1. So, in the stretch 162-198, how many residues would count as being within 12 Å of the ligand (Cβ to nearest atom) and either of a type in the set (Asp, Glu) or surrounded by fewer than 18 Cβ atoms within 10 Å (Cβ to Cβ) (or both)?
2. When only residues in the stretch 167-192 that are in a loop (DSSP other than H, G, I, E, B), within 17 Å of residue 137 (Cβ to Cβ) and of a type outside the set (A, V, I, L, M) count, which is nearest to the chain's Cα centre (by Cα)?
3. Would you confirm, using the coordinates I've provided, whether residue 111 is within 16 Å of the ligand (Cβ to nearest atom), more than 20 Å from residue 187 (Cα to Cα) and not polar (S, T, N, Q)?
4. Looking at the stretch 129-161, which of its residues are crowded, with 24+ Cβ neighbours inside 10 Å, within 12 Å of the ligand (Cβ to nearest atom) and either aromatic (Phe, Trp, Tyr) or in a loop (DSSP other than H, G, I, E, B) (or both)?
5. Report, by residue number, each residue of the stretch 108-117 that is of a type outside the set (A, V, I, L, M) and crowded, with 18+ Cβ neighbours inside 10 Å.
6. Residues that are open to solvent by 30 Å² or more (accessible area, probe 1.4 Å): find the strands (runs of 3 or more DSSP E) completely inside the stretch 8-106 holding 3 or more of those.
7. Given (1) within 15 Å of the ligand (Cβ to nearest atom); (2) under 20 Å from residue 104 (Cβ atoms), identify the lone condition not met by residue 209.
8. For the stretch 46-53, indicate whether the set of residues that are outside the structural domain of residue 126 (by TED's automatic domain parsing) and closer than 22 Å to residue 214 by Cβ is non-empty.
Amino acid sequence: MKNIVVFGAGGHAKAVIDAIEREGRYRIFGLLDSYKAAGSEIYGYRVLGNEHYIADHRENIHGGIVAIGDNWTRASIVARIAYLYPGFPFVTAVHPGAWIARGAELGQGTVVMAGAIVNSDTVIGEHCVLYPKASVDHDSRIGNYVTLAPGATTGGNVTVGEYSVLSLGANVIHSVSVGAHTVIGAGATVLSDIGGYAVAYGTPAVIVRSRTAGERYL
Ligand SMILES: CC(C)(COP(=O)(O)OP(=O)(O)OC[C@H]1O[C@@H](n2cnc3c(N)ncnc32)[C@H](O)[C@@H]1OP(=O)(O)O)[C@@H](O)C(=O)NCCC(=O)NCCS
């Protein structure tokens, strides 16, 4: 089994570790985190250091996955690793309790947690997170660095632009498009297209304000 490292050692990393362990495709070599002290542990896996640790141990490390919940922060860490180690392989983690239908595709670095569904011919971008019970129906297109929070659901033929968030229990009906860098609030029902760089919520969802790339939403 190939060794991987998990970047991040917080609460989100615990869920990613659980998915990796249960999937059983990779062995977790250790955790890398700039803010946690080397030697601290999660579920018996040690924090080995920060991303520079890889430089001296490249032969032992096949690839890794960034386990940071915030879309923008996750992207900045991916960019840093790709800069330091060109071609570094990012792996996916798919909990065996998730369902990936025929024809569906997952980009590198994407995490799919227990109970999530990616339905037929849907394409999920790179470094996305589908939390428990998130569901994307058939023929949808989800951009890179997107989060679907627990229970967020889309109908078929939905498009979500990069860095956007469908918050807890949000619903997006079929054939609707959500732009990039947009946050759809918890419990929203999106009935028509919502543009980029917006915060929208309610039933039906309406844009309540604009937002900038990287603005915090958690
Ligand atoms: C949309 C969201 C990001 C906050 O947006 P915001 O503009 O900063 O909202 P605020 O917290 O300032 O609240 C402003 C008003 O909107 C209301 N509001 C906020 N989110 C709402 C939502 N999802 N649905 C309905 N009303 C909402 C607040 O109650 C508040 O109302 P008030 O002015 O009458 O007191 C946040 O409310 C949300 O839905 N977060 C989801 C978090 C989540 O799912 N996390 C899990 C990720 S894995």
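The values are calculated or read from the model by the stated rules, or taken from the named source; none is laboratory data. For clarity, every value in this text was computed on a predicted model and none was experimentally measured. Note that we place each Cβ from the backbone using ideal geometry, even for glycine, and neighbour counts take in every protein chain shown. When the accessible area is computed, the model is the full protein with side chains, heavy atoms only, and any ligands, DNA or RNA have been set aside. Shrake-Rupley method; radii C 1.70, N 1.55, O 1.52, S 1.80 Å.
1. 5
2. The residue in question is 169.
3. yes
4. Selection gives 134, 146, 152.
5. Passing the criteria: 109, 110.
6. By residue number, 26-32, 45-49.
7. With respect to (1) within 15 Å of the ligand (Cβ to nearest atom); (2) under 20 Å from residue 104 (Cβ atoms), residue 209 is out only on (2).
8. yes
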